[in-house]
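Asker: Input: one structure, supplied below.
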Amino acid sequence: MTGIELFRQHLTEKRAVKIIAGIDNFDIDNVKKVVTSAQQAGASAVDICAKEEIIKEVRNMTEMPVFVSSVKPEELVKAVELGADAIELGNFDALYGKGLSFNSSTVLDLVSKTLELLGDNKVFFSVTVPGCLPISDQIELARKLETMGIDLIQTEGYYSQNNQSDGVKGLMERAELTLSNTVELSRNIDLPVMTASNINPTTAPFAFAAGASAIGCGSCVNKLDSALSMTATISNLVEIASRNTHKVVELV
């Protein structure tokens, strides 16, 4: 079984864990630390930026599924040529602070351009649905992406630094939007849904309860100082996901 086939299996079992190094993280040492920790902890996949040197380095150091994220179709196609197992049009939330914005038309145009450039080259394709859109627009966009042959929908949320609560309450407030988006999307489309943005060991159980087949976790891992703490956090996330598998089996 290839890496991406195993990832698909984890999606089916509703226990996939993707560790996100960051779409704008070009620190090769940090990226390598994240990838090594994800592999040691048994994560389902890693997600890295589209910089060619980093893709080559990561591809040479691991056989686990490698996602490459970008908002540029040409970079996504190049990533496939460099050995990426999957591509992600999205992880937009890291770009909002730079003044970029994404609506349904923009996402559909970028997906169409990417598919056109890929041609007959088939690859696992994940797309982020912008969390800033009204939920009715998110559902409509996700349904259109489904008809285009997209493999996975990723949610996102947004929060303001203003009026941020402390402790667990703050963690839940920051994840509230992506969790509610997960509930709505998972109820209205057949594609698997990955919950991302502010997902960590505290909020991950709620993502699976909301209907997610996978979680995408970034800052709770890539902002840590040591490989040991990264591995421990990812192991915790994998264990939470595994418990969700057991619940699914019990319901069958």
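Asker: Does Ala207 satisfy the condition of being at pLDDT 95 or above and crowded, with 19+ Cβ neighbours inside 10 Å? First the steps, then the outcome.
Answerer: Details: at pLDDT 95 or above: yes; crowded, with 19+ Cβ neighbours inside 10 Å: yes.
Yes.
Asker: Right, something else. Which residues, counting only those in segment 101-127, are among the hydrophobic types (A, V, I, L, M, F, W, C) and either in a helix (DSSP H, G or I) or without any contact (Cβ under 8 Å) to a residue 24 or more places away in the chain (or both)? Give the derivation first.
Answerer: The first filter runs over segment 101-127 and keeps only residues among the hydrophobic types (A, V, I, L, M, F, W, C), leaving 102, 107-108, 110-111, 115, 117-118, 123-125, 127.
Val107, Leu108, Leu110, Val111, Leu115, Leu117, Leu118 - these are the residues of segment 101-127 that are among the hydrophobic types (A, V, I, L, M, F, W, C) and either in a helix (DSSP H, G or I) or without any contact (Cβ under 8 Å) to a residue 24 or more places away in the chain (or both).
Asker: Out of the residues in segment 210-244 meeting the condition of being closer than 24 Å to Asp190 by Cβ and over 14 Å from the mean Cα position of the chain (by Cα), tell me which one is surrounded by the most Cβ atoms within 10 Å (Cβ to Cβ).
Answerer: Restricting attention to segment 210-244, the residues satisfying the condition of being closer than 24 Å to Asp190 by Cβ are 210-216, 241, 244.
Pick out the ones that are also over 14 Å from the mean Cα position of the chain (by Cα) and you get 210-211, 241, 244.
On the way: Ala210: 21, Gly211: 17, Ala241: 26, Asn244: 20.
Restricting to residues being closer than 24 Å to Asp190 by Cβ and over 14 Å from the mean Cα position of the chain (by Cα), the top hit is Ala241.
Asker: Additional query: Scan segment 128-178 for residues that are assigned to a helix (DSSP H, G or I), of a type in the set (A, V, I, L, M, F, W, C) and at pLDDT 95 or above and jot them down. Break it down into steps so the answer makes sense when it comes.
Answerer: Within segment 128-178, the subset assigned to a helix (DSSP H, G or I) is 135-147, 167-178.
Subsequent filtering for residues that are of a type in the set (A, V, I, L, M, F, W, C) retains 135, 139, 141-142, 145, 168, 171-172, 175, 177.
Selection gives Ile135, Ile139, Leu141, Ala142, Leu145.
Asker: Any chance you could count how many residues in segment 72-105 are within 23 Å of Glu140 (Cβ to Cβ) and modelled with pLDDT under 95?
Answerer: 10
Asker: Test of understanding: among Asp93, Asp85, Asp47, Asp24, which residue is within 17 Å of the chain's Cα centre (by Cα), over 22 Å from Ile199 (Cα atoms) and touching a residue at least 12 places away in the same chain (Cβ under 8 Å)? Give the steps one after another, and end with the answer.
Answerer: Working: Asp93 fails: over 22 Å from Ile199 (Cα atoms); Asp47 fails: over 22 Å from Ile199 (Cα atoms); Asp24 fails: over 22 Å from Ile199 (Cα atoms).
When all the criteria are applied, what remains is Asp85.
Asker: Before we move on, is Leu117 farther than 16 Å from Leu145 by Cβ, surrounded by 13 or more Cβ atoms within 10 Å (Cβ to Cβ) and over 13 Å from the mean Cα position of the chain (by Cα)? Please lay out each step first, then the result.
Answerer: Working: farther than 16 Å from Leu145 by Cβ: yes; surrounded by 13 or more Cβ atoms within 10 Å (Cβ to Cβ): yes; over 13 Å from the mean Cα position of the chain (by Cα): yes.
Yes: the conditions hold for Leu117.
Asker: Under 7 Å between Cβ atoms, at least 6 apart or on separate chains: pull out the pairs that start in segment 220-232 with a residue that is farther than 19 Å from Ser197 by Cα and end on any residue that is small (Gly, Ala, Ser) and surrounded by 19 or more Cβ atoms within 10 Å (Cβ to Cβ).
Answerer: Once the first residue is farther than 19 Å from Ser197 by Cα and sits in segment 220-232, its partners that are small (Gly, Ala, Ser) and surrounded by 19 or more Cβ atoms within 10 Å (Cβ to Cβ) give Ala227/Ser37; Thr231/Ser37; Thr231/Ala41.
Asker: Enumerate the helices (runs of 4 or more DSSP H) found wholly within segment 1-90, keeping only those where 1 or more residues are within 26 Å of Leu145 (Cβ to Cβ) and among the aliphatic types (A, V, I, L, M). Outline the logic, then answer.
Answerer: Numbers: elements: 3-12, 28-41, 52-61, 73-81.
By residue number, 3-12, 52-61, 73-81.
Asker: Then there is this: Which pairs have Cβ atoms under 9 Å, sit 6 or more apart or on different chains, and link a residue in segment 155-174 that is within 21 Å of Gly211 (Cα to Cα) and of a type outside the set (A, V, I, L, M, F, W, C) to one that is at pLDDT below 60 and loosely packed, with under 10 Cβ neighbours inside 10 Å?
Answerer: That search, which allows pairs on different chains as well, returns Glu173/Asn163.
Asker: While we're here: Among (1) over 17 Å from the mean Cα position of the chain (by Cα); (2) closer than 19 Å to Ile234 by Cα; (3) charged (D, E, K, R), which single condition is Lys18 missing?
Answerer: Lys18 satisfies every listed condition except (1).
Asker: Considering each of Ser126, Ser101 in turn, give the residue that is crowded, with 22+ Cβ neighbours inside 10 Å and hydroxyl-bearing (Ser, Thr, Tyr). Write out each step before concluding.
Answerer: Values: Ser101 fails: crowded, with 22+ Cβ neighbours inside 10 Å.
The unique qualifying residue is Ser126.
The values are calculated or read from the model by the stated rules, or taken from the named source; none is laboratory data. Bear in mind that the values here come from a model prediction, so they are computed numbers and not experimental data. Because the Cβ atoms are built from the backbone with ideal geometry, glycine has one as well, and the counts that use them run over all protein chains shown.
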